[in-house]
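Where a number appears in this text, it was derived from the coordinates with a stated rule and is not lab data. All of these numbers come straight from a predicted model, not from anything done at the bench. A quick note on method: Cβ atoms are made from the backbone with ideal geometry, for glycine too, and the neighbour counts reach across all protein chains shown.
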Amino acid sequence: YMEKYHYQKGMREILRELKQILKENNYGTTSDRALLLDYQATMETKPEKAIKLEKEALAQIKEITEGNAHLVSNLHANLGGLYRMNGQTELAKEHMEKGILLLEQYHLLYTNDSIPQINNYAALLTEMQEPERAMSALQKLAQIIKHYNSDHCLDYAQVQESMGNISLITANLSQAKSHFKKAMKIYEDVWADEPELIEAKYLEIQQLYPQVGIALAKGILTSNNKQA
């Protein structure tokens, strides 16, 4: 919660308390210690040091079980994200795939953590010039969200938007427009009482793609206005 609102002072105070509690070996579990290291990595500004902390966190857990698989998956995902930030794409890919594989093996794909994990993995694949694999990962995520939630929620809209972005990158404009229209239809329905959010989303598409994006956004907007 504090991280969401960038309340770093409060986060540091919590870390100090956790360190004190876990100072003695007879308190807490290996998962608790791994989680503390993960929190410390979140607060670290130097990518190399954050990577070291995440690797230490993973080293705490000697055996993966049903009880800690979710945590280990997140640790791999976080380490993969740090490697991506540091330009180490192969290591990023390796750990992101390990994280997603654990979600699959332990039937955790229904959890919200699968959404950012697969989204980030797709973004990495796109950066590595593998847009087809990225699109396949997002299509799989769309099916997961539809199965466990619905195809008319914000998570589903965000995945449609991501697929629209990849379609633009690969110059598949008709497919991009289709994905953006699906996303915007959901945004408009969910944010029906908050028109400023809808307008901000249109502007976001325009700003991301100043040439093709404006035309697409205007086309979607015109289409939706006609429907209204």
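Tell me, what are the semi-axes, in whole angstrom and largest first, of the equivalent ellipsoid of segment 1-108 as set by the roots of 5 times the Cα gyration tensor eigenvalues? Provide the component values of the computation, followed by the final result.
Details: eigenvalues 99, 70, 30 Å².
Values for segment 1-108, descending: 22, 19, 12 Å.
Rounded to the nearest 500 deg cm²/dmol, what is the calculated helix-only ellipticity per residue at 222 nm for the chain, with -39500 (n - 2.57) per DSSP H run of length n ≥ 4? Before the final figure, lay out the partial values.
On the way: 11 runs with 172 residues, N = 228.
The helix contribution divided over the chain gives -25000 deg cm²/dmol.
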request  = With r as the distance between the Cβ atoms of Glu104 and Leu173 and R0 = 45 Å, compute the FRET efficiency 1/(1 + (r/R0)^6) and round to 0.05.
outcome  = 0.85
message = Name the residue from Leu36, Asn172, His95 whose Cα lies farthest towards the positive end of the charge dipole of the chain, charges +1 on Cβ of Lys and Arg and -1 on Cβ of Asp and Glu.
response = Asn172
message = Checking a compactness column here: for segment 124-179, what do you get for Rg(Cα) / (2.2 N^0.38 Å), N being the number of residues?
response = 1.10
task = Please compute P(r) over all alpha-carbon pairs of segment 8-68, binned at 10 Å starting from zero, and give each bin as a whole-number percent.
result = 22, 49, 27, 2
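May I ask you to derive the relative contact order of the chain, considering only C-alpha pairs under 8 Å and at least 6 residues apart, and to give it as an integer percent?
That works out to 9 percent.
Work out the length of the dipole vector of the chain about its Cα centre, built from +1 on the beta-carbon of each Lys and Arg and -1 on the beta-carbon of each Asp and Glu, and round it to the nearest 20 debye. Mind showing how you got there, number by number?
Values: 25 positive and 30 negative charges, 66 e Å.
Computed about the Cα centre, the dipole is about 320 debye.
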note = In degrees, nearest 10, the alpha-carbon axis of helix 131-148 is tilted away from the dominant principal axis of the alpha carbons of the chain by 80
key: Sum of side-chain charges, Asn149 neighbourhood, beta-carbon under 15 Å (Lys, Arg +1; Asp, Glu -1)   = -2
note = For segment 1-52, listing chymotrypsin sites (Phe, Trp or Tyr not before Pro) in a DSSP loop whose Cβ sees at most 15 other Cβ atoms within 10 Å gives Tyr1, Tyr5, Tyr7, Tyr27
ask   = Evaluated at 25 °C with a viscosity of 0.890 mPa s, what Stokes-Einstein diffusion coefficient in µm²/s does the chain have when Rh comes from the Kirkwood expression over alpha-carbon pairs?
value = 126
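With the cut-off at 24 Å, tell me which of the pairs Lys23/Lys52; Lys140/Lys177; Lys62/Lys93; Lys19/Lys49; Lys52/Lys140 have Cα atoms farther apart than that.
Values: Lys23/Lys52 20 Å; Lys140/Lys177 20 Å; Lys62/Lys93 22 Å; Lys19/Lys49 18 Å; Lys52/Lys140 32 Å.
Check vs 24 Å cut-off fails for Lys52/Lys140.
How much length, in nm to one decimal, is gained on full extension between Glu24 and Gln129, taken as 0.36 nm per residue of separation minus their Cα-Cα distance? Spell out each step's value before the answer.
Values: separation 105, 0.36 × 105 = 37.80 nm, distance 4.78 nm.
Length difference between fully extended and current span is 33.0 nm.
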In order through segment 69-74: 3J(HN,Hα) via Karplus (6.51 cos²θ - 1.76 cosθ + 1.60), integer Hz, x for Gly, Pro = 4, 5, 4, 4, 4, 5
